[in-house]
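> I have a structure here, written as structure tokens, and I will follow up with some questions on it.
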Amino acid sequence: MEHYHRKYLHAGPQLLVASVREKFWPLRIRNLARSVVHSCVNCFRCKPTVLEQLMGDLPPERVTFSLPFLNTGVDLCGSFYYRKNRKAVSTKCYIAIFICLVTKAIHVELVNDLSTAAFLAALHRFIGRRGKPEAIHCDNARNFRGAARELAELAKQFHSQQHQNAVVNQTANDGIRFKFILPCSPNFGGLWEAAVKSFKQHFRSTVGNSVLSQDEFVTWLVRIEACLNSRPLTPTQTIWTF
């Protein structure tokens with residue numbers, strides 16, 4: 001086995017098994033092949049064990065038991081297009097993704113444009129259906145610098161200082177605190193970034209580049225929201241019954 005391992009230029013376990021079986025048929029050849037490859041010094045040096053990144057502790061909002069959507073993360077994604085009717089011109093819109101920091105439940109809202117009033121309207125619809133959150137976490141404007149034009153426009157409108165002040169002042173009367181993550185640190189918002197990725201995956205797989213009517217568009221948003229909320233929160237285990 002060591003001869004064939006060197007002959008085939010330090011072949012891996014699968015190639016080593018296939019090459020040896022062309023002439024011989026040893027017993028327990030897979031275990032023997034793995035042992036030969038793992039004991040090879042050159043192979044070990046070519047594939048060194050990489051140290052894993054030490055991750056920090058989760059914030060208290062992620063690990064403290066609370067009601068759903070009491071601590072919420074929000075992010076905007078887009079742009080998307082829909083028609084108000086079949087003969088109308090396509091209208092640009094955006095999607096607001098609200099995610100609970102504890103249960104990871106997702107709420108999807110349609111935002112007509114990037115104005116402050118449109119976002120506040122989507123926020124009020126979210127509060128009316130899910131309840132008033134205690135704190136809302138979102139990205140910082142500088143996270144989107146250097147992105148494409150659409151993302152730059154999205155960041156300029158949604159995360160501008162004027163927009164932040166208007167949203168904070170409006171929600172302060174309701175007792176809602178806005179928390180903006182640090183600039184250039186998207187890992188602080190990985191929870192809602194993953195939610196945006198999951199939403200786009202379902203939307204592109206089902207709708208694709210089709211331009212739907214407004215009713216169809218909203219229907220697909222609700223169906224995708226239901227699909228995302230139906231996923232298990234922990235890895236599923238197969239239970240064998242006899």
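The values are calculated or read from the model by the stated rules, or taken from the named source; none is laboratory data. This is a predicted model, so every value here is computed, not measured. For neighbour counting, all protein chains shown are included, and Cβ atoms are generated from backbone atoms with ideal geometry for every residue, glycine included. Keep in mind that these areas ignore ligands, DNA and RNA; they rest on the heavy atoms of the full protein, side chains included. Shrake-Rupley method; radii C 1.70, N 1.55, O 1.52, S 1.80 Å.
> Any idea which of P26, L9, T49 is furthest toward the positive side of the dipole for region 1-67, if Lys and Arg beta-carbons carry +1 and Asp and Glu beta-carbons -1?
Final value for the positive-end residue is P26.
> Okay, next question. Relative to 2.2 N^0.38 Å, what does the C-alpha radius of gyration of region 16-57 come to as a ratio? Two decimals please.
Dividing the Cα Rg of region 16-57 by 2.2 N^0.38 Å gives 1.77.
> With all protein chains present and a 1.4 Å probe, how do E193, E216, E225 order by accessible area, largest first?
E216, E193, E225
> A further question on this structure: Which of the pairs K47/K197; K179/K200; K87/K197 have their Cα atoms more than 28 Å apart in this structure?
Pairs exceeding 28 Å: K47/K197; K87/K197.
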